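Participant: Handing you this structure, nothing more for now.
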Amino acid sequence: MSAQFDIKQYLINKQPFYQPQGGEIELYEAAYAARLPVMLKGPTGCGKSRFVEHRAWKLGKPLITVACNEDMTASDLVGRYLLDAGGTRWLDGPLTLAARHGAICYLDEIVEARQDTTVVIHPLTDHRRALPLDKKGELVLAHADFQLVISYNPGYQNLMKDLKQSTKQRFAAMDFGYAPAAIEAAIISKEAGIDGETAGRLVRVAETARNLKGHGLDEGISTRLLVYAATLINRGIAPRAACRMALVRPITDDADIRDTLDHAIDSVFA
């Protein structure tokens, strides 16, 4: 690790917009005060990552985010030796940096990582609050401000992609979902700068798609995609075209499902 490393680069300096939906802020604040590891569960694009960013900003704590994937190894999380002109040097991974310097470490969509990779977080999620660096022969004791937060989408879990019970039961868990229609419309209006009526119509389209989950769709239209559609509308794209581009084409290639959603768009924006 470079002596010039500055954890302050991970501070969030501008307030992220987040619209509370009911009790989640108080729950998280209590968990952080006790430094409990937290698991956020919910569908794609419902605001889990934004919530973590907002909490890190509010607390004034650095946030180190890792987008998990199936190729990620334990070394990608904890660190490795690298060759340089003077021989070898150790480079901390993001999990080690967070534990060492007192950041919030956010492992996004952790279910995408291999189970033999995720087990390295276990010593940080119980009374030990420590991270063994076996290759380096060092035991990193977590900074007092360190917290581990993970997220995943239960809708994608299957026999090959799910968290072990031994991992799940190390976390306090919070359920996230799509906001109630009025709140979601307010979020879209704020994020994309469009009027409330148009935002409300976009939510109505999303509700149609969400009702098809499990009946031709693996996942409904996310709040994130609604913001994309609203952004296109704000850029002068006709609402129907914006909806087809941002809401329908990304989530399905099934002709019948597309037709159903296209008809819903035509009806809502008639």
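The values are calculated or read from the model by the stated rules, or taken from the named source; none is laboratory data. These numbers come from a predicted model, not from an experiment. All Cβ positions, even for glycine, are placed from backbone atoms using ideal geometry, and neighbour counts span all protein chains on display.
Participant: Report yes if some residue within the stretch 7-14 is part of a loop (DSSP other than H, G, I, E, B), in contact with a strand residue (DSSP E or B) (Cβ under 7 Å, 6 or more places away or on another chain) and free of Cβ contacts under 8 Å to residues at least 60 places away in the same chain; otherwise report no.
Facilitator: Narrowing the stretch 7-14 to residues part of a loop (DSSP other than H, G, I, E, B): 11-14.
Next, from what is left, pick out any that are in contact with a strand residue (DSSP E or B) (Cβ under 7 Å, 6 or more places away or on another chain): 12.
Next cut, free of Cβ contacts under 8 Å to residues at least 60 places away in the same chain only: 12.
Within the stretch 7-14 (the criterion being part of a loop (DSSP other than H, G, I, E, B), in contact with a strand residue (DSSP E or B) (Cβ under 7 Å, 6 or more places away or on another chain) and free of Cβ contacts under 8 Å to residues at least 60 places away in the same chain), the answer is yes, since at least one residue qualifies.
Participant: Another question about this same structure. Which of the helices (runs of 4 or more DSSP H) contained wholly in the stretch 223-270 include at least 1 residues that are among the charged types (D, E, K, R) and in contact with a Ser or Thr (Cβ under 8 Å, 6 or more places away or on another chain)?
Facilitator: By residue number, 223-234, 255-268.
Participant: Continuing with this model, one more query. Taking the stated definitions as given, is L27 part of a helix (DSSP H, G or I) and touching a strand residue (DSSP E or B) at 6+ places or on another chain (Cβ under 9 Å)?
Facilitator: yes
Participant: Going through R249, R201, R210 one at a time, which residue ends up being outside the structural domain of Q115 (by TED's automatic domain parsing), of a type in the set (D, E, K, R) and out of contact with any helix residue (DSSP H, G or I) (no Cβ under 9 Å at 6 or more places or on another chain)?
Facilitator: Values: R249 fails: out of contact with any helix residue (DSSP H, G or I) (no Cβ under 9 Å at 6 or more places or on another chain); R201 fails: out of contact with any helix residue (DSSP H, G or I) (no Cβ under 9 Å at 6 or more places or on another chain).
None of the others qualify; the one that does is R210.
Participant: Oh, and also: Take the stretch 214-249 and flag every residue that is farther than 24 Å from Q19 by Cα and at pLDDT below 95.
Facilitator: Within the stretch 214-249, G214, H215, G216, L217, D218 qualify.
Participant: Among the residues of the stretch 30-44 satisfying the criterion of being in contact (Cβ under 8 Å) with a residue 12 or more places away in the chain and in a loop (DSSP other than H, G, I, E, B), which is nearest to T118 (Cα to Cα)?
Facilitator: Among them, the one singled out is P37.
Participant: Separate question: How do the strands (runs of 3 or more DSSP E) wholly within the stretch 86-171 filter down when requiring 1 or more residues that are more than 20 Å from the chain's Cα centre (by Cα) and of a type outside the set (F, W, Y): which remain?
Facilitator: It comes to 87-92, 130-133, 138-141.
Participant: Does Y106 fit the bill of being aromatic (F, W, Y), modelled with pLDDT under 95 and in the same structural domain as P62 (by TED's automatic domain parsing)? First the steps, then the outcome.
Facilitator: Working: aromatic (F, W, Y): yes; modelled with pLDDT under 95: no; in the same structural domain as P62 (by TED's automatic domain parsing): yes.
No, not satisfied.
Participant: Another question, then. Here are some residues: V120, V140. Which one is over 26 Å from R50 (Cα atoms) and surrounded by 13 or more Cβ atoms within 10 Å (Cβ to Cβ)?
Facilitator: V140
Participant: Among the listed residues I265, I237, identify the single one that is within 19 Å of T198 (Cβ to Cβ), without any contact (Cβ under 8 Å) to a residue 24 or more places away in the chain and among the β-branched types (V, I, T).
Facilitator: I237
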